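Here is the structure we will look at.
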Amino acid sequence: MKVERVVSRPFPEVRTRYSVRDTMLYALGVGACTDPLDERQLRYVYEGSLQALPSLSCVLAHPGFWLKEPELGIDWVKLVHAEQYFTLAAPLPTQCDVVGRYRVTGIVDKGADKGALMYVEKTLHLSDGSPLGGVSSTFFLRGDGGCGNWGEPGRELPATPDRKADGSIDQPMLPIAALIYRLSGDYNPLHADPGIARKAGFDRPILHGLCTYGVACLSLVRALCADDASRLRSMGARFTKPVFPGETLRTEYWTGPDGDVRFRVLSVERDVIVLDRGVATIAN
């Protein structure tokens with residue numbers, strides 16, 4: 001990786017308009033509405049009572065797969081999502097014009113043959129300049145260790161509580177879940193092309209990390225917000241293991257004072273933790 005070129009890469013403002021169709025498609029991609037006769041679940045996919053999932057903020061005003069640009073020298077085939085965090089200033093509209101501004105905030109070199117972490121920040125605004133929210137992403141560049149450090153590392157997510165969870169909720173994922181989710185803007189072939197997946201060390205395409213993250217968001221809204229998505233104001237988590245489309249994802253959660261929530265996500269079939277160190281804030 002050519003660090004100087006990465007950190008000096010210009011990021012033009014990304015102006016985009018998302019529609020109610022985009023809001024519905026995103027929700028379907030993260031497994032919403034497994035029971036089309038459940039009116040509360042229809043809130044995510046039906047225009048009659050539509051609401052936007054807060055994690056939709058992570059895919060709005062997407063800059064494209066810029067990490068694949070040859071001049072940056074990143075071994076993008078070995079790139080995986082490491083952590084994600086968003087915070088919202090207000091509930092997301094179901095459709096609107098948004099402006100996204102990006103910057104690389106830090107690179108942490110874990111050592112040769114150990115990879116590197118890259119921290120990227122996105123701020124979202126409405127077209128009139130009003131703040132909508134902020135999104136922080138951490139990427140694990142498995143093939144780019146030894147590149148050197150730059151900037152500042154991201155926030156430290158707290159460890160998951162060492163006690164039995166207060167509750168849990170299961171979300172089955174379709175075998176074609178990754179193919180649906182990628183239509184929300186992340187076209188990394190790792191999640192669709194079996195050949196690319198094998199080059200990255202997987203025997204088949206894996207689910208997007210942000211899709212698993214969206215499943216956790218949906219699950220928390222369903223379990224703790226009575227399907228009122230406007231109450232979930234912030235959420236962060238660390239990706240720990242890949243997920244394969246068709247698995248059942250179980251979100252375990254611990255509730256605390258003042259709307260503080262901790263959570264993690266497991267693959268039920270493999271009994272492994274796939275999302276850990278989860279934190280969220282829920283408004284009353």
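The values are calculated or read from the model by the stated rules, or taken from the named source; none is laboratory data. Just so we're clear, the structure is a prediction, and the values are computed from it rather than from any experiment. Cβ placement follows ideal geometry from the backbone for every residue including glycine, while neighbour counts extend to all protein chains displayed.
General remarks:
- Filter result (under 20 Å from residue 28 (Cβ atoms), surrounded by fewer than 24 Cβ atoms within 10 Å (Cβ to Cβ) and in contact (Cβ under 8 Å) with a residue 40 or more places away in the chain) within the range 185-206: 185, 186, 187, 188
- Subset of the range 145-159 that is surrounded by 15 or more Cβ atoms within 10 Å (Cβ to Cβ) and in a loop (DSSP other than H, G, I, E, B) - its residue that is modelled with the lowest pLDDT: 154
- Taken over the range 33-56, the residue count meeting the criterion of being buried (at least 19 other Cβ atoms within 10 Å of the Cβ) and touching a Pro at 6+ places or on another chain (Cβ under 8 Å) is 2.
- Test: residue in the range 178-199 that is touching a strand residue (DSSP E or B) at 6+ places or on another chain (Cβ under 9 Å) and under 28 Å from residue 39 (Cβ atoms): no
- Just so you know, in the range 68-80 the residues that are surrounded by fewer than 19 Cβ atoms within 10 Å (Cβ to Cβ) and touching a Leu at 6+ places or on another chain (Cβ under 8 Å) include one that is modelled with the lowest pLDDT, and it is 77.
- If the condition is being out of contact with any Ser or Thr (no Cβ under 8 Å at 6 or more places or on another chain), hydroxyl-bearing (Ser, Thr, Tyr) and closer than 23 Å to residue 174 by Cα, then the range 231-259 contributes only 240.
- Contact map, the range 33-62: first residue free of Cβ contacts under 8 Å to residues at least 24 places away in the same chain and in a loop (DSSP other than H, G, I, E, B), second residue of a type in the set (Gly, Ala, Ser) and surrounded by fewer than 18 Cβ atoms within 10 Å (Cβ to Cβ), Cβ cut-off under 9 Å, separation 6 or more or different chains; pairs are 39/49.
- Residue that is surrounded by the fewest Cβ atoms within 10 Å (Cβ to Cβ) [pool: residues in the range 117-144 that are charged (D, E, K, R) and free of Cβ contacts under 8 Å to residues at least 60 places away in the same chain]: 128
- Residue that is modelled with pLDDT of 95 or more and surrounded by fewer than 21 Cβ atoms within 10 Å (Cβ to Cβ), where the choices are 279, 265, 243: 279
- Among the criteria (1) surrounded by 18 or more Cβ atoms within 10 Å (Cβ to Cβ); (2) of a type outside the set (A, V, I, L, M, F, W, C); (3) in a loop (DSSP other than H, G, I, E, B), the one residue 85 does not fulfil is (3).
- Hits in the range 1-32 - residues which are surrounded by 18 or more Cβ atoms within 10 Å (Cβ to Cβ) and not in a helix (DSSP H, G or I): 1, 18, 30, 31, 32
- Any pair with Cβ under 6 angstrom, 6 or more apart, that starts in the range 260-284 at a residue that is farther than 13 Å from residue 173 by Cβ and ends at one that is assigned to a strand (DSSP E or B) and of a type in the set (Ser, Thr, Tyr): 261/253; 261/255; 263/251; 263/253; 281/234
- Just one of the listed residues (255, 251) is touching a residue at least 60 places away in the same chain (Cβ under 8 Å), β-branched (Val, Ile, Thr) and surrounded by fewer than 19 Cβ atoms within 10 Å (Cβ to Cβ), and it is 255.
- Qualifying residue in the range 207-224 (condition: modelled with pLDDT of 95 or more, surrounded by fewer than 17 Cβ atoms within 10 Å (Cβ to Cβ), over 30 Å from residue 75 (Cα atoms) and more than 13 Å from the chain's Cα centre (by Cα)): no
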